[in-house]
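The values are calculated or read from the model by the stated rules, or taken from the named source; none is laboratory data. In this text the structure is predicted, and so the values were computed from the model without any measurement. So basically every Cβ, Gly included, is an ideal-geometry build from the backbone, and we count neighbours across all protein chains shown.
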Amino acid sequence: MNTQQRSEQYVATTYARFPVTFTHGKGSLLWDDTGKEYIDLGSGIAVNTLGHADEAWAAAIHAQLLQVAHTSNLYYTAPQAELAQTLCTRTGMSRVFFSNSGAEANECMIKTARKRGAGRSTIVTLEGSFHGRTIATLTATGQPAMHGDFAPLPAGFKYAKPNDIADLQAKLDDSCCAVMMELVQGESGVLNLNKDYVQAVAQLCKENNLLLLVDEVQTGNGRCGSLFAWQQFGVSPDIASTAKGLAAGLPLGATMFAASTCNVLGHGSHGSTFGGNPACCAAALHVLNRLDDALLADVQAKGEAIRTALQDHPGVKSISGMGLMLGIETVRPAKDIAADCLAQGVALLTAKDKVRLLPALNIPMQQLQQGIDVLVKFL
Ligand SMILES: *Cc1c(COP(=O)(O)O)cnc(C)c1O
């Protein structure tokens, strides 16, 4: 039995996988078990911020593993405290709760909004959003097709149309405690929210004593060309969640609280066994140190370079996204393009009917160009 057969027999059947078994990588290159080389333009769905097998990243984790990898949250550890301080200093947030994934970071955001709502429990999210796979975050996800099999779903969620402030206004009532959204909707096809809309939502929240909850699980950690996307929208969330690229390949979620919400959760309100363990926090600290202004400017420049290379191609209908989170609406079906590119040694993603690019933030320009050249061939 080879790996793919073994996986098909023994791993739960939740994933439709490409027929490729990756064995190792270096930077933005990956190799499969036949020795074939690939350029990685998906980075593990926006996770491998620094590419594969980054030596300084691995060394930071290795050093921490040889000190202490886990202690439980009943004790203090330096990497967790330093990571929380770094996140707060670089965002203006006040406190951080650590977990292991995006869904958990969002669960914490939902629990905090409900507790602070003190009886007001409804959270308005946006149609087409994606917030995770747990029962509450699945319900927050504004895609009814994903809800069907899992009833009964928890009460207390409503959905408004993205980029339509009148629709949001119409959905608000006395039961609402918060509005929750991604600033660029990732999974549902890389849909940008307009800056005017986001600012109007923030204003509406202020006027109605609602919390603004921003899901930066995918858009955060430099992906959109600023440390967090909200920093380019001129708004300040009351709570923001992140995960994916934060530790660049180890599981870590973070829920960041502004001063308005930083003391809502008290002792015993919430917790996690693994969340914020020193090994994952050492990885994230290293990632944040690497995400300096120069790298963030580079993310913007590479995003622009991709747009320039693709925007006038007759096989491209439109390009959406920010920084190195891009969605390309194509004439040919996106799934066919992804399969053709993979066969030619370029691993890229799709989101709904778009080709989706989420390369490592430090992908060398030459490899990016090579990958785009292959994509262009199959447009
Ligand atoms: C991926 C994603 C999640 C879920 O993260 P997991 O780590 O898979 O639980 C939540 N929100 C957004 C915006 C995401 O892109």
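Taking (1) touching a strand residue (DSSP E or B) at 6+ places or on another chain (Cβ under 6 Å); (2) outside any strand (DSSP E or B) in turn, LYS158 satisfies each apart from (2). Does GLY51 count as small (Gly, Ala, Ser), within 22 Å of the chain's Cα centre (by Cα) and within 27 Å of PHE257 (Cα to Cα)? Taking the combined requirement at face value, the residue does not satisfy it.
Yes/no matrix, rows are residues, columns are (1) more than 21 Å from LEU252 (Cα to Cα); (2) small (Gly, Ala, Ser); (3) away from the ligand (no atom under 16 Å from the Cβ):
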position	(1), (2), (3)
THR34	yes, no, yes
ILE45	no, no, no
TRP57	no, no, yes
GLN67	no, no, yes
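Within the set VAL331, VAL355, VAL376, the sole residue that is more than 25 Å from ALA254 (Cβ to Cβ) and touching an Asp or Glu at 6+ places or on another chain (Cβ under 9 Å) turns out to be VAL355. The set of residues in the stretch 112-130 that are more than 16 Å from the ligand (Cβ to nearest atom) and acidic (Asp, Glu) is empty.
If I go through the stretch 112-145 residue by residue, how many of them are part of a helix (DSSP H, G or I) and closer than 18 Å to LYS244 by Cα? Number satisfying all stated conditions: 2. Could you list, in sequence order, the residues of the stretch 73-111 that are more than 16 Å from the ligand (Cβ to nearest atom), out of contact with any Lys or Arg (no Cβ under 9 Å at 6 or more places or on another chain) and assigned to a helix (DSSP H, G or I)? Listed by number, the residues that qualify are ALA78, PRO79, GLN80, ALA81, GLU82, LEU83, GLN85, THR86, LEU87, THR89, ARG90, THR91. If a residue must be over 18 Å from the mean Cα position of the chain (by Cα) and farther than 30 Å from LEU210 by Cβ, how many such residues does the stretch 251-272 contain? Residues flagged as over 18 Å from the mean Cα position of the chain (by Cα) and farther than 30 Å from LEU210 by Cβ within the stretch 251-272 amount to 0. Looking for something of a type outside the set (Gly, Ala, Ser), within 16 Å of the ligand (Cβ to nearest atom), under 30 Å from SER175 (Cβ atoms) and at pLDDT 95 or above - is there at least one such residue anywhere in the stretch 249-256? Yes, the stretch 249-256 contains a residue that is of a type outside the set (Gly, Ala, Ser), within 16 Å of the ligand (Cβ to nearest atom), under 30 Å from SER175 (Cβ atoms) and at pLDDT 95 or above.
Every residue, every condition in (1) surrounded by 16 or more Cβ atoms within 10 Å (Cβ to Cβ); (2) more than 18 Å from GLY186 (Cα to Cα), yes or no:
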position: LEU29; (1), (2): yes, yes
position: ILE45; (1), (2): no, no
position: ILE110; (1), (2): yes, yes
position: ALA118; (1), (2): no, yes
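Return the residues of the stretch 146-166 that are under 23 Å from ALA240 (Cβ atoms) and away from the ligand (no atom under 16 Å from the Cβ); say none if nothing qualifies. If the condition is that a residue be under 23 Å from ALA240 (Cβ atoms) and away from the ligand (no atom under 16 Å from the Cβ), then PRO154, GLY156, LYS158, ALA160, LYS161, ASN163, ASP164, ILE165 are the ones that fit.
A search for C-beta distances below 8 Å between a residue of the stretch 62-84 that is among the acidic types (Asp, Glu) and any residue that is surrounded by 14 or more Cβ atoms within 10 Å (Cβ to Cβ), counting only pairs 6+ apart in sequence or on different chains, returns GLU82/CYS281; GLU82/LEU285. Taken together, the criteria place GLY225 among residues that are away from the ligand (no atom under 12 Å from the Cβ), assigned to a loop (DSSP other than H, G, I, E, B) and farther than 18 Å from MET93 by Cα.
Looking across the stretch 189-218, the residues that are part of a loop (DSSP other than H, G, I, E, B), within 16 Å of the ligand (Cβ to nearest atom) and out of contact with any helix residue (DSSP H, G or I) (no Cβ under 8 Å at 6 or more places or on another chain) come down to GLY189, VAL190, LEU193. With respect to (1) of a type in the set (A, V, I, L, M); (2) on the phi > 0 side of the Ramachandran plot; (3) over 18 Å from the mean Cα position of the chain (by Cα), the lone exception for ALA248 is condition (3). Got at least one residue in the stretch 273-292 being more than 16 Å from the ligand (Cβ to nearest atom), among the basic types (Lys, Arg) and under 19 Å from the mean Cα position of the chain (by Cα)? Checked the stretch 273-292: at least one residue is more than 16 Å from the ligand (Cβ to nearest atom), among the basic types (Lys, Arg) and under 19 Å from the mean Cα position of the chain (by Cα). The strands (runs of 3 or more DSSP E) found entirely in the stretch 19-66 that carry 2 or more residues being touching a His at 6+ places or on another chain (Cβ under 9 Å) are 22-26, 29-32.
As a summary of the residue check, LEU74 satisfies the conditions (1) out of contact with any His (no Cβ under 8 Å at 6 or more places or on another chain); (2) under 24 Å from CYS224 (Cβ atoms) except for the one numbered (2).
Per-residue answers, yes or no, for (1) within 22 Å of GLY44 (Cα to Cα); (2) buried (at least 21 other Cβ atoms within 10 Å of the Cβ):
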{"position": "ASP298", "(1), (2)": "yes, no"}
{"position": "GLN311", "(1), (2)": "no, no"}
{"position": "GLU329", "(1), (2)": "yes, no"}
{"position": "VAL346", "(1), (2)": "yes, yes"}
{"position": "LYS354", "(1), (2)": "yes, yes"}
{"position": "LEU357", "(1), (2)": "yes, yes"}
{"position": "LEU379", "(1), (2)": "no, no"}
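Counting only residues that are β-branched (Val, Ile, Thr) and closer than 25 Å to GLY321 by Cβ, the stretch 46-79 holds 2 of them.
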